[in-house]
Amino acid sequence: MDGNGTMRIAVWGDELAAWVAVAQLAAFGNDVSVVRHSGTAANGGARPGQSSVRAEPGLMALLESAEAQGHLRAESDDQCLAADIHWLAMAPDEEDQAAALVQRLAQGGKTPLLLVNQSNFGIGASDRLQALLDHDIGQAVLCLPDTLQQGRALEQFGRPERLLVGCEDSAALALLKALLRPFSGGVQSLQLMTRREAEFSKFAITGMLALRLGYINELANLADLLGVDIEVVRQGMGSDERIGRHYLAPGCGFGGQHFTQYIEGLAGLFSEKRRSTLLDTVLLENQRQMELPFRKLWQHYACDLSGKTVVLWGLAFKPGVASIDNAPALRIIDALLAQGVQVRLHDPEALPEVREHYGEVAQLEYCADKYDAAEGADALLLLTEWPEYWSPDFGRLAQLLRAKVLVDGRNIYDPALLRAQGFDYYGIGRL
Amino acid sequence: MNSDVAWRALESHAAELKSRHLKDLLADAGRFESLNFAHEDLLLDLSRQRLLPQTVDGLVSLARACDLPGWIEALFQGEAVNNTEQRPALHTALRLPASGTLEVAGEDVVPKVHANLARMAQMVDLLHHGQWRGYTGEPIDTVVNIGVGGSDLGPMMACKALDEFEPEQAESIEVHFVSSMDGSQLAALLEQLNPATTLFIVSSKSFTTIDTLANAATARRWLQDASDLPDEVLVSRHFIAVTASPEKACQWGIPDTSQLHFWDWTGGRYSMWSTIGLPIALKIGTDNFQQLLAGAHSMDEHFRRAPLQQNLPVLLAMTGIWNINFLDIHAHAILPYDGRLAHLPAYLEQLEMESNGKSVRRDGSASPHRTCPVLWGEVGPNAQHAFYQLLHQGTEPVMCDFVVSARRYTGQRETLQRQHQLALANCLAQARVLALGDAALGSGQDNSKPWQRYRGNQPSTVILLDELTPRALGALIALYEHKVFVQSVIWGINPFDQWGVELGKTMATQLLEVLDSADQPGAAFDQATNGLLAAIGARRGGTS
């Protein structure tokens with residue numbers, strides 16, 4: 001902290017939580033540094049690496065203005081290490097990197113520092129980081145679990161309804177409160193607990209979300225068999241205030257490296273300590289769910305896909321990212337290849353990753369245009385709900401496809417509308 | 001020397017030797033060294049047999065007099081050694097490497113053997129990768145092998161024996177075996193299975209085996225009840241036929257694309273090396289299955305090329321000949337000291353008794369000699385608590401085969417290694433007590449009561465494996481296959497047919513007709529059958 005009370009903060013990580021913290025802390029006049037990567041823009045500007053983070057409403061504008069005002073700088077590692085406060089919002093698989101970083105801080109000198117850990121490393125990680133530092137000279141780690149939702153993250157950081165803080169040191173807490181004063185509107189919304197409890201709470205929340213997703217998918221599959229429209233049921237469920245509307249959208253499975261890894265970690269913990277298979281079941285069913293669009297196609301064509309051509313729209317594990325980690329598309333592509341199907345692929349961002357994964361295969365065509373991809377296909381499978389897929393020209397599609405078969409893995413289309421245009425429409429639990 | 005001379009020489013040798021107890025023979029210096037034989041990691045210990053090193057010479061002379069070398073060559077060359085059915089018995093061709101050649105009736109069979117192995121490997125690969133899809137599109141996760149006899153015993157034995165070699169990708173597939181005609185295994189199994197994810201392998205050389213087709217029909221009906229899809233679709237996605245009669249499998253409804261083939265020159269009880277081994281490959285993976293074949297092939301080469309005096313199958317067979325024909329022993333116990341080999345006794349019961357359980361020679365004459373003994377067995381340590389009493393103190397002479405591996409559970413927990421140590425100790429102890437009797441405890445122990453006495457002198461063979469691996473199992477089974485062949489040559493019988501099982505089938509067909517019809521009392525069989533038919537009719541209240 002310099003003489004006039006401005007805090008010097010270094011933010012580590014390329015997650016949404018990291019960039020939201022950068023933007024908001026800098027906007028309130030703190031000096032914020034991020035590490036300058038070799039890959040960043042030529043002007044040395046600080047930019048998120050993931051398109052889904054860059055797409056966060058308002059984020060880029062805030063970053064640009066912070067930079068213009070001189071509150072945000074991309075600097076070298078060493079410059080960043082000299083900050084007073086270190087904000088860690090790293091990916092769940094980067095605990096080793098975090099530990100290495102904290103070791104460098106510890107070797108840097110006997111000066112007090114505050115480390116805010118917002119990374120999802122699992123239970124006990126913040127304690128492990130604290131153990132690398134010297135608490136007696138005021139080097140403290142606190143845990144501030146990341147509960148941001150994509151699309152509303154800036155608002156949630158700026159005006160949090162409640163904050164969970166894992167902190168066992170009063171001076172560190174005071175410093176955090178000072179840092180968050182512009183946002184938290186006082187301390188009454190802050191729930192204080194130990195670091196482990198905070199991490200456990202994060203685990204518990206994520207597990208609950210996975211259970212909800214697993215449950216709504218199960219319900220959708222049952223609705224399919226019973227002739228009920230899950231869309232109606234889901235609205236009914238959501239109107240009950242005990243349940244709410246979030247995380248109740250059925251689809252062809254959740255993917256992504258972090259979320260899946262995190263649930264696997266929790267499932268492993270349940271299994272090891274409690275012999276409980278609750279979350280294992282959720283994960284297993286999620287794997288099955290990923291193949292659901294394939295099964296709908298398989299059944300449509302009476303268990304014989306030989307000689308067929310199928311177009312896939314959306315390959316990334318979610319819209320806004322180029323990543324195909326644990327994406328349902330991978331399982332669908334594998335299944336189609338094994339059946340000898342010709343597969344045509346389209347995605348606004350993920351095609352290079354898919355190409356890297358599969359290489360040049362005679363059965364796979366990588367298509368730059370979504371309509372070109374559909375030409376002559378015997379079915380269209382929508383797997384990722386990118387904005388550009390929400391309202392395509394169905395008339396054009398109907399003409400391009402050899403067979404008007406559409407499997408909507410994300411329930412983004414209106415079944416009645418599509419059927420009126422002569423499509424065989426299959427959603428997830430849709431009538 | 002002609003064979004009669006060789007027989008007579010051995011008879012007089014036996015007459016001299018009969019009076020000598022095994023405990024005395026075992027006192028001879030150098031006995032183990034002169035009576036143990038090895039091929040690769042497999043050790044054959046004949047030192048607890050009631051014979052001398054020179055007995056082996058006499059037995060080898062008998063084998064030579066019976067033209068064993070000529071017969072071995074005929075077997076490997078694909079001559080019609082199965083004379084009653086006029087065809088070769090080429091299980092050895094099933095394990096030839098792809099580089100080998102073997103012409104049968106002007107055609108090299110090796111390419112088609114390997115083409116079918118490659119097709120089998122593709123199917124295994126699809127199943128292991130979760131890409132064999134059932135009628136809902138879900139991956140198959142359960143495979144049920146429907147077969148009986150050779151289409152059941154070999155694969156089941158090998159799957160149990162090599163369970164721990166299951167590769168990770170095979171863990172997603174559960175393999176079951178169903179054989180019994182009455183459907184009791186299948187009915188219990190179907191209760192637990194999901195039709196959408198279950199695949200049936202219908203294994204039948206002729207594709208007419210009633211036991212197998214009856215089970216397959218029940219499985220097919222189960223699928224039809226579970227799905228509205230046309231039968232043709234269900235059968236094509238949920239059945240694989242493994243057969244030497246492709247047309248019959250097609251008629252049953254299994255398309256060519258879901259078939260694996262083998263040929264009439266493979267006997268059922270010699271068929272686990274063919275595509276009949278599909279459940280084995282599914283369980284242990286294609287690479288391990290290849291190791292199984294390689295182990296058997298290595299034994300084939302040994303059998304074909306090693307001098308008779310060091311030839312393991314020949315020595316094992318001739319020891320049996322000695323016991324049966326010269327020492328008058330007609331019971332043979334198979335005693336693996338390894339729970340993984342639990343199905344080995346049943347497997348060998350079929351292999352030996354269906355092959356050599358015959359009394360007519362190749363030329364149609366009655367055999368002047370006793371042939372195949374009665375075989376039975378059990379996992380050794382369990383049998384100790386069951387029938388060993390008879391081995392030790394009964395009136396029947398019995399020859400025993402102990403099978404055990406030197407190493408097991410390497411790198412696993414200590415208590416398990418201890419359990420293997422315990423099994424090994426028991427194996428050695430039983431072989432010793434059977435041979436020596438009371439003398440095993442040393443002299444001065446003769447003050448025990450009569451019912452505490454052990455007379456000993458029961459001969460046994462120990463087959464020691466280094467470790468039970470796919471390769472070692474392949475060699476072990478090939479050892480017994482060739483042993484059976486050698487004995488058949490000495491007895492002059494054809495080990496590759498099984499006419500003795502035909503009449504029962506014909507008779508069952510007649511009885512089925514009578515049971516199906518309402519007029520059972522009118523049946524005209526023998527008195528006993530008529531009586532039972534009437535009793536059954538009465539118990540069923542006159543309805544059939």
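When each of A:Leu266, A:Leu219 is tested for being in contact (Cβ under 8 Å) with a residue 40 or more places away in the chain, in contact with a Ser or Thr (Cβ under 9 Å, 6 or more places away or on another chain) and not β-branched (Val, Ile, Thr), the lone residue that passes is A:Leu266. The residue list A:Val141, A:Val165 contains one member that is under 23 Å from the mean Cα position of the chain (by Cα), in a strand (DSSP E or B) and buried (at least 17 other Cβ atoms within 10 Å of the Cβ), which is A:Val165. Just so you know, in the range B:208-239 the residues that are within 14 Å of chain A (Cβ to nearest Cβ) and either part of a strand (DSSP E or B) or among the charged types (D, E, K, R) (or both) include one that is farthest from the chain's Cα centre (by Cα), and it is B:Asp228.
For the range B:1-30, a residue qualifies if it is in contact with a helix residue (DSSP H, G or I) (Cβ under 7 Å, 6 or more places away or on another chain) and charged (D, E, K, R), and the qualifying residues are B:Glu11, B:Lys23. Number of residues in the range A:331-365 that are on the phi < 0 side of the Ramachandran plot and within 13 Å of chain B (Cβ to nearest Cβ) equals 10. For first residues located in the range A:230-258 and at positive phi and of a type outside the set (Gly, Ala, Ser), partners that are assigned to a helix (DSSP H, G or I) and surrounded by 12 or more Cβ atoms within 10 Å (Cβ to Cβ) and lie 6+ apart or on another chain with Cβ distances below 8 Å form the pairs A:Tyr247/A:Leu209; A:Tyr247/A:Arg212; A:Tyr247/A:Leu213; A:Tyr247/A:Ile216. Scanning the range B:323-350 for residues that are in a strand (DSSP E or B) and over 18 Å from B:Ile490 (Cβ atoms) yields B:Ala331, B:Ala333, B:Ile334, B:Leu335, B:Pro336. Could you grab me the full set of residues in the range A:161-183 that are touching a Ser or Thr at 6+ places or on another chain (Cβ under 8 Å) and at pLDDT below 85? Of everything in the range A:161-183, those that are touching a Ser or Thr at 6+ places or on another chain (Cβ under 8 Å) and at pLDDT below 85 turn out to be A:Glu161, A:Arg162. Among the candidates B:Gly285, B:Gly295, B:Gly277, B:Gly320, the residue that is on the phi > 0 side of the Ramachandran plot and not in a strand (DSSP E or B) is uniquely B:Gly285. What residue, of B:Pro88, B:Pro97, is closer than 19 Å to B:Ser271 by Cα and surrounded by fewer than 16 Cβ atoms within 10 Å (Cβ to Cβ)? Result of the check over B:Pro88, B:Pro97: B:Pro97.
Close contacts from the range A:280-293, counting a first residue that is outside any helix (DSSP H, G or I) and a second that is of a type in the set (A, V, I, L, M), with Cβ to Cβ under 8 Å and a gap of 6+ residues or different chains, come to A:Glu291/A:Ile332; A:Glu291/A:Ala335. Could you go through the range A:190-213 and let me know if any residue there is on the phi > 0 side of the Ramachandran plot and modelled with pLDDT under 95. Scanning the range A:190-213, I find no residue that is on the phi > 0 side of the Ramachandran plot and modelled with pLDDT under 95, so the answer is no.
Give me the helices (runs of 4 or more DSSP H) completely within the range A:51-138, filtered to those with at least 1 residues that are at pLDDT 90 or above and within 19 Å of A:Trp12 (Cβ to Cβ), ordered by residue number.
Ranges flagged: A:59-68, A:77-81, A:95-107, A:125-131.
Kindly establish whether B:Thr197 is within 18 Å of B:Arg133 (Cα to Cα), β-branched (Val, Ile, Thr), out of contact with any helix residue (DSSP H, G or I) (no Cβ under 7 Å at 6 or more places or on another chain) and in contact (Cβ under 8 Å) with a residue 24 or more places away in the chain. Judged against the criteria, B:Thr197 is a match.
What do you reckon, is B:Leu42 under 20 Å from B:Asp328 (Cα atoms), touching a residue at least 60 places away in the same chain (Cβ under 8 Å) and of a type in the set (A, V, I, L, M)? Here the answer is no, as B:Leu42 does not meet what is asked. Per this entry, A:Leu345 is not counted among residues that are in a loop (DSSP other than H, G, I, E, B) and at pLDDT 95 or above. Against the numbered list (1) more than 14 Å from chain B (Cβ to nearest Cβ); (2) surrounded by fewer than 20 Cβ atoms within 10 Å (Cβ to Cβ); (3) at pLDDT 95 or above, A:Gln257 comes up short only at (3). Considering the range A:279-329, and only residues there that are among the polar types (S, T, N, Q) and within 14 Å of chain B (Cβ to nearest Cβ), the residue that is nearest to A:Glu264 (Cα to Cα) turns out to be A:Gln287. Taken together, B:His21, B:His39 contain a single residue that is out of contact with any Cys (no Cβ under 7 Å at 6 or more places or on another chain) and under 30 Å from B:Gly295 (Cα atoms), which is B:His39. Screening B:Met157 with (1) buried (at least 19 other Cβ atoms within 10 Å of the Cβ); (2) within 14 Å of chain A (Cβ to nearest Cβ); (3) of a type outside the set (Ser, Thr, Tyr) gives one miss only, at (2).
Identify, from the list A:Ala21, A:Ala99, A:Ala61, the residue that is free of Cβ contacts under 8 Å to residues at least 60 places away in the same chain and closer than 18 Å to A:Gln156 by Cα. When all the criteria are applied, what remains is A:Ala61. Comparison of B:Gln169, B:Gln131, B:Gln122 shows that the only residue that is within 14 Å of chain A (Cβ to nearest Cβ) and out of contact with any helix residue (DSSP H, G or I) (no Cβ under 8 Å at 6 or more places or on another chain) is B:Gln122.
Any residue at all in the range B:35-51 that's in a helix (DSSP H, G or I) and surrounded by 15 or more Cβ atoms within 10 Å (Cβ to Cβ)? Yes, because at least one residue in the range B:35-51 is in a helix (DSSP H, G or I) and surrounded by 15 or more Cβ atoms within 10 Å (Cβ to Cβ).
Has the range B:80-89 got at least one residue that is of a type outside the set (Ser, Thr, Tyr), in contact with a Gly (Cβ under 8 Å, 6 or more places away or on another chain) and either assigned to a helix (DSSP H, G or I) or under 30 Å from B:Arg407 (Cα atoms) (or both)?
no
Checking the conditions here, which among B:Asp328, B:Asp363, B:Asp300 is of a type in the set (D, E, K, R) and crowded, with 21+ Cβ neighbours inside 10 Å?
On inspection, the qualifying residue turns out to be B:Asp300.
Of the residues screened, B:Lys205 is one that is charged (D, E, K, R), more than 14 Å from chain A (Cβ to nearest Cβ) and touching a Phe, Trp or Tyr at 6+ places or on another chain (Cβ under 9 Å).
Is it the case that the range B:484-503 has a residue that's surrounded by 11 or more Cβ atoms within 10 Å (Cβ to Cβ), without any contact (Cβ under 8 Å) to a residue 12 or more places away in the chain and on the phi < 0 side of the Ramachandran plot? No: the range B:484-503 contains no residue that is surrounded by 11 or more Cβ atoms within 10 Å (Cβ to Cβ), without any contact (Cβ under 8 Å) to a residue 12 or more places away in the chain and on the phi < 0 side of the Ramachandran plot. Quick check, is B:Thr197 among the β-branched types (Val, Ile, Thr), within 14 Å of chain A (Cβ to nearest Cβ) and buried (at least 16 other Cβ atoms within 10 Å of the Cβ)? Spelling it out, B:Thr197 is indeed among the β-branched types (Val, Ile, Thr), within 14 Å of chain A (Cβ to nearest Cβ) and buried (at least 16 other Cβ atoms within 10 Å of the Cβ).
The values are calculated or read from the model by the stated rules, or taken from the named source; none is laboratory data. Nothing here was measured: the structure is a model prediction, and the numbers come from that model. Glycine also receives a Cβ, built like all others from the backbone with ideal geometry; neighbour counts cover every protein chain displayed.
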